[in-house]
Amino acid sequence: MVTDGHALPGRVELRRPDGGPVRVLVVDDEPTLTDLLAMALRYEGWQVATAGNGMAALSSARQVRPDVVVLDVMLPDLDGFQVLRRLREQSPNVPVLFLTARDAVQDRIAGLTVGGDDYVTKPFSLEEVIARLRALLRRAGLAVAAREDAVLTVGDLSLDEDSHEVRRGDDLITLTATEFELLRYLMRNPRRVLSKAQILDHVWNYDFGGQANVVELYISYLRKKIDAGREPMIHTLRGAGYVLKPAP
């Protein structure tokens, strides 16, 4: 059972540090409950994946790589505690919120002892679940408040996320859609080394397998437009990835 809950007006949207939507995995064998949770979480602007049993949850976690997991204790195959142990082998730091119909203190302690980060006892309000998830994400540093300012600025380089206008100093720079997404990702993570795998996952949204040279290709395109004739801002760290930082 879920009691009525509504999103608070004016709630600050949370995003991943790279600017993408928060990824949530909801695991419960009650389809009605899962659908309600998924609807409420999507209303928050988050990406939601669902699973109805433990094995499906583990498979989905490998594909989705969630930022946070909502996990029912009572599942038809593995119980939630077993699922959590296996999740921790895949993603040691992913926060987990247990859903449980059990109200006994020892059951709550058991959930926290095996590595759960928080729990909610059924019946619960959607508002309570969302509030606890937001707290877990903030505490783990996995989500930040979305920027109200649409203009990203690093040194003398600026990018307007609304108008898609890019400037280096006073010069207007024309980029393709993919070049723009790549530059936006770099600018949302200034001074942070980003691997080819991270860039592929964020900009292209899937793994190119052995075609990671597509990243090198588009980095070279950006350099010709952003750095040509100027102090370079895009740097290669051999064997590690790429970093964008203000010109000295």
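The values are calculated or read from the model by the stated rules, or taken from the named source; none is laboratory data. On a predicted model such as this, the values are computed, not experimentally measured, just so you know. Virtual Cβ from ideal backbone geometry, glycine too; neighbours counted across all protein chains shown.
Annotations for the structure displayed:
- When Glu165, Glu181 are checked against the criterion of being surrounded by 13 or more Cβ atoms within 10 Å (Cβ to Cβ), among the acidic types (Asp, Glu) and over 26 Å from Ala143 (Cα atoms), Glu165 stands alone in meeting it.
- Verdict on Gly169 being touching a Pro at 6+ places or on another chain (Cβ under 7 Å), touching a residue at least 12 places away in the same chain (Cβ under 8 Å) and more than 17 Å from Pro21 (Cα to Cα): no
- Among the residues examined, Asp79 qualifies as in the same structural domain as Arg134 (by TED's automatic domain parsing), surrounded by fewer than 17 Cβ atoms within 10 Å (Cβ to Cβ) and farther than 21 Å from Glu128 by Cβ.
- Residues located in the range 9-58, provided they are among the small types (Gly, Ala, Ser) and within 18 Å of the chain's Cα centre (by Cα): Gly19, Gly20, Ala38, Ala40, Gly45, Ala49, Ala57
- Once the range 221-248 is narrowed to residues that are under 20 Å from Ala197 (Cβ atoms) and exposed (fewer than 11 other Cβ atoms within 10 Å of the Cβ), the residue that is nearest to the chain's Cα centre (by Cα) is Gly239.
- Set Ala57, Ala38: member being in contact with a helix residue (DSSP H, G or I) (Cβ under 7 Å, 6 or more places away or on another chain) and closer than 24 Å to Ala131 by Cα: Ala57
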